[in-house]
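Data block below; observations after.
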Amino acid sequence: MSEKAPFHSRKTYRPGLVFRPQAQENIQRGLNTLVSAIRPTLGPTARTVAVTSLIENKDTPEVLDDGGIIARRVIELHRRDADVGAMLARALICRQNERMGDGAATAAVLLAAIYNGGLHYLASGGDAMRLRHHLERALEKSLAALDQQTYTVAGKHNLAQVAQSICHDAELAKLLGEIFDIIGAYGRLDIRKDHSRILRREYVEGMAWDSGLFSRDMIVNRAQLQTVYEEPTFVLADFKVNDPRHIMPMLEIAVDQKIEKLILVAGDLSAEAMAGLMMANGKLKHFQVMAVRGPGGNADERAAAFQDIAIATGAKTLVGAAGDSLKDVTYGHFGRARRGWASTHNFGIIGGKGDPRKLRQHIGRLQSWLEASDDPSVREALQKRIGRLMGGSATLWIGGVSEIEIDQVKTLAEKTASAMRAAVSDGVLPGGGMAYMNCRSVLESQSQSGADPDERAAHRILFDALAEPARAIYENAGYEPGEVIAKLLHADNGSGFDVLSGAITDGAALVDSAAVMKAALRNAVLTAGMMLTIDVIAHHQSPEIARQPD
Amino acid sequence: MRAEAISLEFTGSDETAYALAASPGFAKDGLCFAATSLGLYRSTDGGETWELLRVTEEPLQQMAVTAVALSPASAQDRTLFAAVKGGILRSSDGGDTWFAAKFPAPPPLFTALAISPDFARDGLMLAGTMEDGIFSSTDRGRNWQPWNFGLFDLAVLCLAASPHLGEDETIFAGTDTGLYRSTNGGRAWRECGFPSQFAPVLSLAYAAGKDEMLLLAGTEDNGLFISGDDGASWERTAPDALPGSVNQLQVLCQPDGGGEIYALSDDGVLRSRDAGQNWDTLVEAAVPPTAILIPDCGGKAMFLALTGKGIVKYEV
C-alpha cells in the first residue's frame, strides 16, 4: 500500500486511458496512501507526520498533527493513477477542514473504510450505481441516528470540555470555553499573536470597523491617538464629498439642533471639504466634527457597512447611486449613539441609538443568509457583520516562548474556534467515535435481512466503516481495538473509552461537535459513493499540479 | 388592612420615591431605605421616623437616588448601594459613610440594581441603566464594567437574579423592547421567548410554583406574564385583575412555606396567594404609586410610596 516516494518533481506524462480493474486498484492505492498518512493523527493521542519542505534550501521538515494540513501539503503522488485516488480524497479532507475546522482525519478514515469495503463488494459482482444509491440511503439513517444523540451544550465548563476534546490543550480549552459562552455561535472572535508568553483574552464593548479618520488633524487625544465623542450624532454618505459647500447644510442643521458632536462617515472626502470641516471645528463654539472613511474594500462591503451603521445608530444613509448629495441632508438623516470613537485606522460605536427591534430583525436576516450560504468568503463576511452588531467582540491573544510555538497554537486555536462555533450552534454528541458506533444498530438489521443484495452490502459496508474512527483512535493510543470494543459492549449504555486514562467512562465526558461529525460522515459517504462509480481514468499530457480543492 | 399615618411626608409636590428597600433582618433591626428624587432616606425604627442621608463624596453631591439595594447579608456586613446619576454609591456602615464608584461619561442613569443571593462569596452585582445597558461588578461594587454582549436594547428597566444564581448563573433583564436572559452571570445576554410585542417589561420577580420556580414579568400596558420554564415560554395571567401596567413585583415567602406575590399597578396594590393565578386588591390609590415595600417581617407591614405625598405605612 505504501508509496516509497510520495512527492516528486513535476514530470511530463503521456496521455492515456486506464480501465478497471486496474483503475480501481490504483485509485484505492492512492487513497489508502494518503489516508495512511493522516490516520495516525486521529484522536487525543495524535501522532505526527513530518513533511519535507517544498522550498529549496529549507531543510527542516514541518512536523504536523493536523490531518487537514497534512492533506494540503501532499500535492501529488508518484504514480499518476494512484494520484487520482489521493487527490479525490485530498479534496474531501481539505473541504472538511476548511468548512468545519475539524473532523478531517475522521472523514479520511471513514472514506477509506467505505471505499475499501465497496470495492471488495464490486469485485464480487456488485453494481456500483445501485451500491452508491443504497449507501446514500444508509447515510440518511445514520444521520438521523446522529441527530438523536445530539444535545445542546452551554456554560463555560461544558464548552471548555468540548474545546478540550477538539484541541487537547487544557489552557486553550478553558479560555475558549469562556469566550464561546459569551459570544455564542455568531459573536466575533479575533485570534492574534501576542508578545507575552501566556494566553489571554480581552472583551471589547461596542462595534468597530477597520476604517479611520480622514486626517490625523482630527485626533483630539494625542496620547492615545484617537478622538472620542460623547453623545455624537452621525451623518452617513456613501460617496465622495467633493464640494465644500455641500457640508454647509449639515453644519447648519447641527447648529440649529444644538448638536455638539458630529461624526461624518463618508465614502471619500476632498481636501477642500476636509478643510471646511476643520474650519467648522475652529470657528463654531461648542461644536466638533470628525470625518471617518466608510468601511469596506469594495462596493458591496461598503454598502453592507453603511447599512449596519445606519441600523445601529438610526441614521439614514445618503446613497450616491440614488442621486443623493450631502447638500440634501435633513435632520431625519442623522443617527445617534452614546459614544463614538475613531483613530486613523479604526472607528467604533458604543450604545447606538437605533431601533433595537430593527437591529434584531437585521441580525436575524444576516443569520439566515449565513446559514444558506456555502461560499466561505461570503460566510466570513456575514460572520463578521453579525459579530460586530452583537455589541462586542472577544480577542484571544496567543503568546508563547517562540514564534514557532505561537504560530502552532494560533493555528490550533483557529481550528478549535471554528469547530466550537459549530458545536455551539448545532450541539454535540458522544465523542471518541462512540456516536458513530451507536449508529450501527440502525444499520444492522438491514445489513442482514435487506431484500436487495446491493442494499445489504451498502448497509454492511457502512456498518463496518462506522467503527473505524473509534478503532483508529484506540490504535493510535496503543490499545488493541478489538479488546476495547469488546469491553464497551459489556459496559453501560452510553459509555465511552477514554484513551488518556484507559478507562471506560460516562459518554458525557467525551464529546464531539455534532455538525463536524455529521459533515465528516456525509462527505465521506458521498465521496466514496462517487469514487466507487469510477471505472476509467483518462490522463492528459502533463497534468496540472493539484490545485486547491473547490 | 389598615393605613397608618403617613410614614414619610414629601416636601415638594413633585417629590417622588423611585425605590424602597428593607434589611433582611427588618423584623429585628427595623432598617429600611427610600430612594427619592431628593435623596436617600433611612429609617431605623421600622418606618416610624426617617432621616435624609448626606452624601459628602465629591462630585456626587446630594441628588436624586434612583435605586437602592441591600446586601443579602446586610445584617452582618451593613452594606448597601444607592444609584445616583453617573455613579453608584456604596456604604459599609448602614448608610453613614459612602464611597462612589465612577462610570465612563456620559453619566449613566441607573434604573435597577440586582445583588447576587450569594453576594458574600461572589461579590457579584449588576446595575441596569436607561441608555447604557448593564454594568457589572464582581468585587462588591468597587469597580464596574459594561456587560452588554448580545443585549440589543440598552434601555434596561428591571433586573432579576435567580435565587440559585450560584449554580445556574441565570439573570433576566427587562428592557424597552423585550426580555433578555443571561446564563453566565450577566456576561452575555440572549433574547428569551417573551413575546416582544408586549414589551416594555417594567418588573420581574421569581416565585415558587408547585414544582418549579416561576418567573413573573410585569409589562407597561399588557399586564402580567408567567413562565415556568426559565423564560422559554410565557403565558399571560389574570388579565382582568391586572389589565395594564405592573410597575413592581415583590414576592414574600411565608414561614409556613407558602408565598405571596404583591403587584404594584397604577391603581394600587394587589396580592396573589396562588402563584399569580388569582389576585385580591389590597390598596386602591387615587395617586399613582411609584414603589412598594413589604419587609420580611411575617407580612405584617407594607409601605407604599405616592408621588407628591409621601410614603404610607400599612398594617397588614
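The values are calculated or read from the model by the stated rules, or taken from the named source; none is laboratory data. Note that the structure is predicted; figures quoted are calculated from it, not measured. No Cβ is skipped: glycine too gets one built from the backbone with ideal geometry, and neighbour counts run over all protein chains shown.
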Q.
Quick check on segment A:99-112. Is at least one of its residues surrounded by fewer than 22 Cβ atoms within 10 Å (Cβ to Cβ), in contact (Cβ under 8 Å) with a residue 24 or more places away in the chain and in a helix (DSSP H, G or I)?
A. yes
Q) Which residue pairs have Cβ atoms under 7 Å apart, sit 6 or more places apart or on different chains, and have a first residue in segment B:34-55 that is basic (K, R) and a second that is modelled with pLDDT under 85? A) B:R54/B:Q62
Q: Would you be able to say whether some residue in segment A:401-418 is touching an Asp or Glu at 6+ places or on another chain (Cβ under 9 Å), within 14 Å of chain B (Cβ to nearest Cβ) and surrounded by 21 or more Cβ atoms within 10 Å (Cβ to Cβ)?
A: no
**Q.** Residue among B:A64, B:A105 that is within 14 Å of chain A (Cβ to nearest Cβ) and out of contact with any Pro (no Cβ under 6 Å at 6 or more places or on another chain)
**A.** B:A105
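Rundown of residues vs (1) surrounded by fewer than 22 Cβ atoms within 10 Å (Cβ to Cβ); (2) farther than 25 Å from B:A199 by Cα; (3) out of contact with any strand residue (DSSP E or B) (no Cβ under 9 Å at 6 or more places or on another chain); (4) of a type outside the set (K, R), yes/no style:
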| position | (1), (2), (3), (4) |
| --- | --- |
| B:D240 | yes, no, yes, yes |
| B:C253 | yes, yes, no, yes |
| B:N278 | yes, no, no, yes |
| B:L282 | yes, yes, no, yes |
| B:I294 | no, yes, no, yes |
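Among the listed residues A:W369, A:W397, which satisfies the condition of being surrounded by fewer than 16 Cβ atoms within 10 Å (Cβ to Cβ), farther than 14 Å from A:A312 by Cβ, modelled with pLDDT of 90 or more and more than 14 Å from every other protein chain (Cβ to nearest Cβ)? If you could, list the steps in order and put the result at the bottom.
Details: A:W397 fails: surrounded by fewer than 16 Cβ atoms within 10 Å (Cβ to Cβ).
Among A:W369, A:W397, only A:W369 is surrounded by fewer than 16 Cβ atoms within 10 Å (Cβ to Cβ), farther than 14 Å from A:A312 by Cβ, modelled with pLDDT of 90 or more and more than 14 Å from every other protein chain (Cβ to nearest Cβ).
Determine whether segment B:129-136 contains at least one residue that is within 15 Å of B:A19 (Cβ to Cβ) and in contact with a Leu (Cβ under 7 Å, 6 or more places away or on another chain).
Going through segment B:129-136, the residues within 15 Å of B:A19 (Cβ to Cβ) turn out to be B:129-130.
The next check asks that each one be in contact with a Leu (Cβ under 7 Å, 6 or more places away or on another chain); those that pass are B:129-130.
Yes: segment B:129-136 contains one or more residues that are within 15 Å of B:A19 (Cβ to Cβ) and in contact with a Leu (Cβ under 7 Å, 6 or more places away or on another chain).
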Q) If you go through segment B:182-192 one residue at a time, do you hit one that is without any contact (Cβ under 8 Å) to a residue 40 or more places away in the chain and more than 9 Å from every other protein chain (Cβ to nearest Cβ)? A) yes
Q.
Consider segment B:202-241. How many of its residues are touching a Ser or Thr at 6+ places or on another chain (Cβ under 6 Å) and within 20 Å of B:V269 (Cβ to Cβ)?
A. 4
Q: Looking only at segment A:253-271, count how many residues are loosely packed, with under 14 Cβ neighbours inside 10 Å and either outside the structural domain of A:Y229 (by TED's automatic domain parsing) or over 20 Å from A:E230 (Cα atoms) (or both).
A: 1
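Please determine, by comparing only the residues of segment B:166-176 that are crowded, with 21+ Cβ neighbours inside 10 Å and either more than 14 Å from chain A (Cβ to nearest Cβ) or touching a residue at least 24 places away in the same chain (Cβ under 8 Å) (or both), which one is nearest to A:K156 (Cα to Cα). Spell out how you get there, then give the answer.
Going through segment B:166-176, the residues crowded, with 21+ Cβ neighbours inside 10 Å turn out to be B:169-175.
In the following step, the residues that additionally are either more than 14 Å from chain A (Cβ to nearest Cβ) or touching a residue at least 24 places away in the same chain (Cβ under 8 Å) (or both) were identified as B:170-175.
Values: B:T170: 13, B:I171: 16, B:F172: 18, B:A173: 21, B:G174: 24, B:T175: 26 Å.
It comes out as B:T170.
This table checks each residue for (1) out of contact with any strand residue (DSSP E or B) (no Cβ under 7 Å at 6 or more places or on another chain); (2) surrounded by 14 or more Cβ atoms within 10 Å (Cβ to Cβ); (3) within 14 Å of chain B (Cβ to nearest Cβ).
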residue	(1), (2), (3)
A:H134	yes, yes, no
A:K141	yes, yes, no
A:L146	no, yes, no
A:V153	no, yes, yes
A:K156	yes, yes, yes
A:Q164	yes, yes, no
A:D169	yes, yes, no
A:A173	yes, yes, no
Q. Where residues in segment B:141-158 are in a strand (DSSP E or B) and more than 26 Å from A:R188 (Cβ to Cβ), which of them is farthest from the other protein chains (Cβ to nearest Cβ)?
A. B:C158
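Where in segment A:466-545 are there helices (runs of 4 or more DSSP H), lying fully within it, with 1 or more residues that are over 23 Å from A:S142 (Cβ atoms) and without any contact (Cβ under 8 Å) to a residue 12 or more places away in the chain? It would help to see each step written out before you state the result.
Working: elements: A:468-476, A:481-489, A:514-532.
Hits in segment A:466-545: A:481-489.
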Q | So A:G187, is it within 24 Å of the chain's Cα centre (by Cα), touching a residue at least 60 places away in the same chain (Cβ under 8 Å) and within 14 Å of chain B (Cβ to nearest Cβ) | A | yes
**Q.** Subset of segment A:319-360 (residues that are in contact (Cβ under 8 Å) with a residue 12 or more places away in the chain and at the interface with chain B (Cβ under 9 Å from one of its Cβ atoms))
**A.** A:R338, A:R339, A:I350, A:G351, A:G352, A:K353, A:D355, A:L359
Q.
When you scan segment B:123-140, do you find a residue that is without any contact (Cβ under 8 Å) to a residue 24 or more places away in the chain, touching a Ser or Thr at 6+ places or on another chain (Cβ under 9 Å) and more than 9 Å from chain A (Cβ to nearest Cβ), even just one?
A. yes
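Do we find that A:G507 is surrounded by 15 or more Cβ atoms within 10 Å (Cβ to Cβ), of a type in the set (G, A, S), within 23 Å of A:G433 (Cβ to Cβ) and at pLDDT below 85 in this structure? Quick ask: steps written out before the conclusion?
Numbers: surrounded by 15 or more Cβ atoms within 10 Å (Cβ to Cβ): yes; of a type in the set (G, A, S): yes; within 23 Å of A:G433 (Cβ to Cβ): yes; at pLDDT below 85: yes.
Yes, satisfied.
Considering every residue within segment A:436-444, establish whether at least one is under 20 Å from A:I38 (Cβ atoms), assigned to a helix (DSSP H, G or I) and not β-branched (V, I, T). Break it down into steps so the answer makes sense when it comes.
So the first thing to find is which residues in segment A:436-444 are under 20 Å from A:I38 (Cβ atoms), and the list is A:436.
Of the ones still in play, those that are also assigned to a helix (DSSP H, G or I) are A:436.
Now drop any that are not not β-branched (V, I, T), which leaves A:436.
Yes, because at least one residue in segment A:436-444 is under 20 Å from A:I38 (Cβ atoms), assigned to a helix (DSSP H, G or I) and not β-branched (V, I, T).
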**Q.** Filter result for A:Q96 (buried (at least 21 other Cβ atoms within 10 Å of the Cβ), among the polar types (S, T, N, Q) and within 24 Å of A:S418 (Cβ to Cβ))
**A.** yes
Q. In segment A:276-314, how many residues are part of a loop (DSSP other than H, G, I, E, B) and at pLDDT below 95?
A. 9
Q. Has segment B:209-219 got at least one residue that is within 14 Å of chain A (Cβ to nearest Cβ), within 16 Å of the chain's Cα centre (by Cα) and hydrophobic (A, V, I, L, M, F, W, C)?
A. no
